[in-house]
Structure formats: C-alpha cells, structure tokens
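The values are calculated or read from the model by the stated rules, or taken from the named source; none is laboratory data. In this text the structure is predicted, and so the values were computed from the model without any measurement. Here the Cβ is made from the backbone with ideal geometry for all residues, glycine too, and neighbour counts use every protein chain on show.
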Amino acid sequence: MRITAIETYEVGAGWKNWLFVKVLTDEGLHGLSEATLNGFIRTTAAAIRELEHLAIGQDPRRITALAKRLLDSVSLDAGHIHRTAIAAIEVACWDILGKSLGVPIHQLIGGRVRDSVLGYANGWYRAERTPEAFVTAAKDVAARGFKALKVDPFGTAQGFISEAELDLAHAIIAALRDALGKDFRILIDVHARFTEVEALRAAHRLAPLDLYWWEEPTTRDRQECVHAVARASPIPVATGEMYDTVGQFFTLAAGGGVNIFQPEPMSLGGIGNTLAVANLALAHGSFIAPHQSGGPVATAVCLQLAAAVPNFLIQEHFDAFNEEWARDLVTWNPRIDPQTGHLSLPDAPGLGIDLNVEVAKAHPYDPHAYLNIHEKGWEKRIGSRAPASR
C-alpha cells in the first residue's frame, strides 16, 4: 500500500476555522485527520503541501518511520506548525492502519482500559462577562449532561489584574458554584496571562470556591515559572497545551509541582508522541488531560487515546457547543451520559469517524474568524469580524 495524494479542507465554523486532512492510498483506503491551529489554518495547510512530497509513495502503515521522515528530512525544525502538519499525516496513517486491519486505533495501542471518559465543556459561554449571563449559559451545559466545565473569567487582564476585575472574576465563579452545586467540577483557564505573584494572588482568592484545576497560570516563555506557581498554588495546576515536543514534558516532569499534563495531540506531532507523553506522565505519577479546541475529528483522536491510556484524567469538549450543522460534518459524534457526564468512545475501525465533504465545502473558510482573548468582549465568541479599515 502506498500514499498517492493528500487533500485538505478548510472549513469555517462560526467563530473559528477548522482544517481537515485526507490521506489517499493506491488500495482505495483513505485516512482522515485534522490540523486545526487557531489563526494559522492556511499556514498549516501550506505546511502540509510543503511536506507531502515526503509522504507520497510511502507505506502509510509504517507510521513511526514516516513521521520521523517528515521531521528529519527538513533541516530546519519549524516548530508548532511543523508538528501540526506531521500530526495531520501521522493520525491519518493510524486511521488507514486501523481500517486495513478492521480495528479501532485504541485496539492498536493496547486496547480499552475504560468504556467512557469524563468530559468537560468548553466553548459554552458566548455571553456578556457578568455572573448572570454566565450562570444562564452554564445551566444549559448542565442540562446537556455535563458534570464539568472550564471558564476564563478574567476578561482581557494581562500581567496584573485590578482588584475590581478580580472581584468580578470571583463573582462569576461564585455564581457558577452556587448554581451548579458542590459536586460540579469547575476548571479555570488562566490563558498564560499573569505574573507568578498575580497568578498566586488570584488562585488564593478563588481557591475557596473548590476549583478542579488552575490552567496555564503564567507566561509560556519560561517553563520554570509554572513550577514556582504550582508548588505554592492552592489549586492543582495543569499545563502543556502549547508544548510541541515530548522533551518539554520531560522538563515539566523534572521541574515538579505539576501533575496534570495537557498534551495537544495535533500540535505535538500526533498519536505516537502523545503516547510518549502519557507514559512519561505515568512514570512521574501524573495524569494527562489532552487539550482539544479544534473540530470533531481532533475530538475523535483524543477519545481514541482516552480508551487506551490508563492515566487519562478528563477530556476537553467543544463539540456540543459548535454550530448545529457541524453534527452533519462527520459520521460519528460522541454521546454524553447525563448520569455521569462521560463521553462515549469511537468503536469503528481506524479513527471511527469520516468527513462529509459536501458539508465541509458548504461552509468555506472565513479569514476573519479566530479567537483573540485580548480583544474586549471575546467571551461572546462572535467569530467573523469585519476586516480592519485601511
């Protein structure tokens, strides 16, 4: 079996864009993947085009060898975008391998250790930054069956946060806690906004509200900052979504203080590298909770891992809050168990999901749609914005 072509599909999804990838073979099988990277959809598509000559003609079932070829054959490592382009091809090859053998990917990486996984809602709030608006949105989350959600209540604060802004953030989380009850898990995404001192000040202020984790509390430029915060934080710290190498997670483990690793499979280079991080975390006594803010195909990638990785903690989930037509974009969508808040896992051969190309083509790329958390009112996730005047 040989790879004959690679196709890419850029899809506008309201307040964001998605990039889907199909790897075709000479035996009629194709593999599906996703390469969504906020604000860099067309850049990543171009990177895939730049690498495809290294994949065409290769056996897609020799996944590790092909991924290494895609990385090593380019003498300059192009970082995050390079890894995302590699992952797009690597995951599609796992899909092909599973289909060729008639088994899901999780069967190829050790088999099931669980039949479902706890999910937490994200992308659920498209509202004014007020306690009342957030509570209204959160009640819809709970009504859908979720038992956990993630929120960034900090507006556009960066570096330091005023007492008034911190008061508002506290009011939002306190209102959510009151409305959702003591057993509902509330996760805070800090989006790497604060200095070490401010991250700890905010964490101590919010900790009495019983928070599940404190995500990316400090700058992404210096990994050592997160260790200082994690050791002193009254809330467990989670981080890693922006890491694009396994070695960065080794440094995270060696630094101590963090026991929740957040690999993003599609920007880390794919399934193989994510498994390496999971095993590193296991040896460290830690858990993985993969980041996933892309589309439904990337969701399926994470859920294949959830099925087989023993130290898998919880899965981020945007899909339930995507545009309604997005359910028709793919052939499989996870179900939410309203009793447990767990997501179902894919079971069909390969990735367990396929793309409806006609639906993808009906929703073209929007160059003005992306998430900018430093833009006032970003919580509304209104998506497409008018081009800047010249």
Discussion item. Being within 25 Å of Arg185 (Cα to Cα), polar (S, T, N, Q), in contact with a strand residue (DSSP E or B) (Cβ under 9 Å, 6 or more places away or on another chain) and not in a helix (DSSP H, G or I) is the requirement here; does Thr340 meet it?
Written reply: yes
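Listed here are the residues, each with its yes/no results for (1) surrounded by 22 or more Cβ atoms within 10 Å (Cβ to Cβ); (2) farther than 22 Å from Leu19 by Cβ.
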position: Leu54; (1), (2): no, no
position: Arg61; (1), (2): no, yes
position: Ala85; (1), (2): yes, no
position: Gln107; (1), (2): no, yes
position: Gly110; (1), (2): no, yes
Fill in: Exclusive hit being in the same structural domain as Leu149 (by TED's automatic domain parsing), surrounded by 24 or more Cβ atoms within 10 Å (Cβ to Cβ), touching an Asp or Glu at 6+ places or on another chain (Cβ under 9 Å) and not basic (Lys, Arg), set Gly270, Gly255
Gly270
Worksheet item: What are the residues in the stretch 314-333 that are assigned to a loop (DSSP other than H, G, I, E, B) and either touching a residue at least 60 places away in the same chain (Cβ under 8 Å) or among the basic types (Lys, Arg) (or both), if any?
Response: Ile314, Phe318, Asn322, Glu323, Leu329
Worksheet item: In the stretch 59-73, is there at least one residue being among the β-branched types (Val, Ile, Thr), touching a strand residue (DSSP E or B) at 6+ places or on another chain (Cβ under 6 Å) and modelled with pLDDT of 95 or more?
Response: no
Worksheet item: Taking the condition of a type outside the set (Asp, Glu), under 30 Å from Gly247 (Cβ atoms), surrounded by fewer than 24 Cβ atoms within 10 Å (Cβ to Cβ) and not assigned by TED's automatic domain parsing to the domain that holds Val23, does Leu303 pass?
Response: no
Worksheet item: Of all residues in the stretch 243-291 being under 18 Å from the mean Cα position of the chain (by Cα) and aromatic (Phe, Trp, Tyr), which is nearest to Leu118 (Cα to Cα)?
Response: Phe287
Response to the item:
Taking the stretch 63-105 and keeping residues polar (S, T, N, Q) and more than 12 Å from Gly269 (Cα to Cα) leaves Ser73, Ser75, Ser100
Worksheet entry | Matching residues, the stretch 182-194, being assigned to a loop (DSSP other than H, G, I, E, B), crowded, with 17+ Cβ neighbours inside 10 Å and out of contact with any Asp or Glu (no Cβ under 6 Å at 6 or more places or on another chain) | Phe184, Arg193
Discussion item. Just the residues that are among the hydroxyl-bearing types (Ser, Thr, Tyr) and within 21 Å of Leu24 (Cα to Cα), please, taken from the stretch 39-54.
Written reply: Thr44
Discussion item. Would you confirm whether or not the stretch 357-371 contains a residue that is modelled with pLDDT of 95 or more, under 16 Å from the mean Cα position of the chain (by Cα), charged (D, E, K, R) and part of a helix (DSSP H, G or I)?
Written reply: no
Worksheet entry | Meets criteria (under 19 Å from Val11 (Cα atoms) and either touching a residue at least 24 places away in the same chain (Cβ under 8 Å) or under 20 Å from the mean Cα position of the chain (by Cα) (or both)) for Asp347 | no
Fill in: Residues of the stretch 280-301 that turn out to be touching a residue at least 40 places away in the same chain (Cβ under 8 Å) and assigned to a helix (DSSP H, G or I), as a count
5
Worksheet item: For Glu198, are the conditions met, namely being over 17 Å from Phe154 (Cα atoms) and either in a helix (DSSP H, G or I) or modelled with pLDDT of 95 or more (or both)?
Response: no
Practice prompt. Inspect all residues belonging to the stretch 159-171 and state whether any of them is loosely packed, with under 15 Cβ neighbours inside 10 Å and either part of a loop (DSSP other than H, G, I, E, B) or in the same structural domain as Tyr9 (by TED's automatic domain parsing) (or both).
Written response: yes
Worksheet entry | Filtered residue count, the stretch 27-52, keeping only those that are out of contact with any Pro (no Cβ under 9 Å at 6 or more places or on another chain), over 25 Å from Gly98 (Cα atoms) and surrounded by fewer than 17 Cβ atoms within 10 Å (Cβ to Cβ) | 5
Worksheet entry | the stretch 50-62, residues that are farther than 18 Å from Ser267 by Cβ and either under 24 Å from the mean Cα position of the chain (by Cα) or of a type in the set (Val, Ile, Thr) (or both) | Ile56
